[in-house]
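Student: Sharing a structure with you now.
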């Protein structure tokens, strides 16, 4: 007879499995990008230039080669005459190389396809939203895990693209920071030195702070912020999601103490911890980017 596993084991089994999927696909994409750079070929429609960062480490820079077939589409962003916060995009066709060069001098850019990035984003966001519904309602853990895995499979390539856009070496450092923060908050939260999950003040503070972060990112879509302001927001986000890790690890301990030990609860807590870790990583990447 197979002995009953603890809630901690069930939760860590789900959480670690999903993180392995994310990191596995992320590292695979970065490895293939390096292979493409060495072979002077493309990967996922992108080519890569090699440069040295300040630590003399190889940094891959994604780029799209100039078009070889004409006519080709080019675009230019022009500020709106009526609202300085908005811009208009003007598209024009270049009939040959000479016209393309003239348009570049006039401020036009090649219209990169990049559609696959948005497609991958949708393939990540849609299963994540569905998984969120399953985690909240508890309708079906099995279906929730399927959409959870689908979301993790597509998050890996997105993370790889973000890391390559900034500096994959900084991305690796961010992953190490997330690992140690998760380990420390896990030990503190699960040891129950303080009842984070039972504090109404901490719960309200984290919720209000999360709403504020979401509001900031929403406004950021429509207007620009200084790099300094974005970095301050990122440091605040790092603090908030570190606190969320403490809260959720402590919630895991409390549920274990109360005798709760089922896969539905493990799935819900693992999903919360997963979101905490991913958001913490994204905030650290935001803080490290130039």
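Student: Which of (1) more than 24 Å from the chain's Cα centre (by Cα); (2) without any contact (Cβ under 8 Å) to a residue 40 or more places away in the chain; (3) surrounded by 15 or more Cβ atoms within 10 Å (Cβ to Cβ) does residue 201 not meet, given it meets every other one?
Tutor: (3)
Student: While we're on this one: In this structure, is residue 83 at pLDDT below 80 and either under 27 Å from the mean Cα position of the chain (by Cα) or not assigned by TED's automatic domain parsing to the domain that holds residue 148 (or both)?
Tutor: yes
Student: Something else now. Could you figure out which of (1) under 27 Å from residue 62 (Cα atoms); (2) assigned to a helix (DSSP H, G or I) isn't true of residue 204?
Tutor: Here residue 204 meets the rest and fails (1).
Student: Being under 20 Å from the mean Cα position of the chain (by Cα), more than 23 Å from residue 155 (Cα to Cα) and not in a loop (DSSP other than H, G, I, E, B) narrows it down to one of 240, 219, 269, 214, so name that one.
Tutor: The match here is 219.
Student: Within the range 222-237, take every residue that is in contact (Cβ under 8 Å) with a residue 40 or more places away in the chain and assigned to a helix (DSSP H, G or I) and give me the one that is nearest to residue 191 (Cα to Cα).
Tutor: Going through the qualifying residues, I end up with 237.
Student: Here is a further query. Pick out the one residue from 99, 18 that is modelled with pLDDT of 80 or more, surrounded by 12 or more Cβ atoms within 10 Å (Cβ to Cβ) and not assigned by TED's automatic domain parsing to the domain that holds residue 224.
Tutor: Residue meeting the stated conditions: 99.
Student: What's the total number of residues in the range 16-53 that are assigned to a strand (DSSP E or B) and either under 21 Å from residue 281 (Cα atoms) or touching a residue at least 12 places away in the same chain (Cβ under 8 Å) (or both)?
Tutor: Adding up the residues that qualify gives 6.
Student: Scan the range 27-48 for residues that are farther than 16 Å from residue 162 by Cα and either under 23 Å from the mean Cα position of the chain (by Cα) or surrounded by fewer than 17 Cβ atoms within 10 Å (Cβ to Cβ) (or both) and jot them down.
Tutor: Result: 35, 38, 39, 40, 41, 42.
Student: Please give the number of the condition residue 155 fails out of (1) under 23 Å from residue 10 (Cβ atoms); (2) without any contact (Cβ under 8 Å) to a residue 40 or more places away in the chain.
Tutor: Among (1) under 23 Å from residue 10 (Cβ atoms); (2) without any contact (Cβ under 8 Å) to a residue 40 or more places away in the chain, the lone unmet condition for residue 155 is (2).
Student: Among the listed residues 150, 133, 164, 128, identify the single one that is in a helix (DSSP H, G or I), under 29 Å from residue 232 (Cα atoms) and out of contact with any strand residue (DSSP E or B) (no Cβ under 8 Å at 6 or more places or on another chain).
Tutor: That would be 128, the only listed residue that is in a helix (DSSP H, G or I), under 29 Å from residue 232 (Cα atoms) and out of contact with any strand residue (DSSP E or B) (no Cβ under 8 Å at 6 or more places or on another chain).
Student: Go over the candidates 212, 224, 237 one by one and state the one that is closer than 18 Å to residue 177 by Cβ and assigned by TED's automatic domain parsing to the domain that holds residue 137.
Tutor: Residue meeting the stated conditions: 237.
Student: Another question about this same structure. So, of the residues in the range 104-140 that are within 25 Å of residue 76 (Cα to Cα) and at pLDDT 80 or above, which turns out to be surrounded by the fewest Cβ atoms within 10 Å (Cβ to Cβ)?
Tutor: Step by step, filter the range 104-140, then rank; the result is 106.
Per-residue answers, yes or no, for (1) assigned by TED's automatic domain parsing to the domain that holds residue 270; (2) closer than 30 Å to residue 42 by Cβ; (3) at pLDDT below 95:
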residue: 159; (1), (2), (3): yes, yes, yes
residue: 164; (1), (2), (3): yes, yes, yes
residue: 168; (1), (2), (3): yes, yes, yes
residue: 171; (1), (2), (3): yes, yes, yes
residue: 183; (1), (2), (3): yes, no, no
residue: 187; (1), (2), (3): yes, no, no
residue: 192; (1), (2), (3): yes, no, yes
residue: 198; (1), (2), (3): yes, no, yes
residue: 205; (1), (2), (3): yes, no, no
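Student: Test residue 245 against the criterion of being modelled with pLDDT of 90 or more and under 20 Å from residue 131 (Cα atoms), and give yes or no.
Tutor: Judged against the criteria, residue 245 is a match.
The values are calculated or read from the model by the stated rules, or taken from the named source; none is laboratory data. Note that the structure is predicted; figures quoted are calculated from it, not measured. Because the Cβ atoms are built from the backbone with ideal geometry, glycine has one as well, and the counts that use them run over all protein chains shown.
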